[in-house]
Amino acid sequence: METLKEIEAVRPQIAEKLAEETLRGEVDAVVAFHDGDVRAAITTLLLDCHHLRLQLAFAERGMNCGMTPGRTQTVERA
């Protein structure tokens, strides 16, 4: 039983390390796309984020059309 607890404690660490390695590669790719200009990379990502939030708001409004009056649907945001 104790071994199982140890395994459960290690799994999040392994998943976190894999996610960190994956993200590192993605971050490197974004910065490389912008010829090493970190500020340009961040600006592009923030603009993408803004665009996606706007699209999410439009989709949310679209879901609310035709629903029972007074009832609204919402999309969870991270």
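Things worth noting here:
- A straight chain from Ala40 to Glu16 at 0.36 nm per residue would run longer than the Cα-Cα distance by 5.9 nm.
- Fully extending the segment from Val31 to Arg53, taken as 0.36 nm per residue of separation minus the present Cα-Cα distance, adds 5.7 nm.
Just so you know, all these numbers are worked out from the coordinates, no wet-lab data involved. What you are looking at is a predicted structure, and each value in this text was computed from that prediction instead of being measured.
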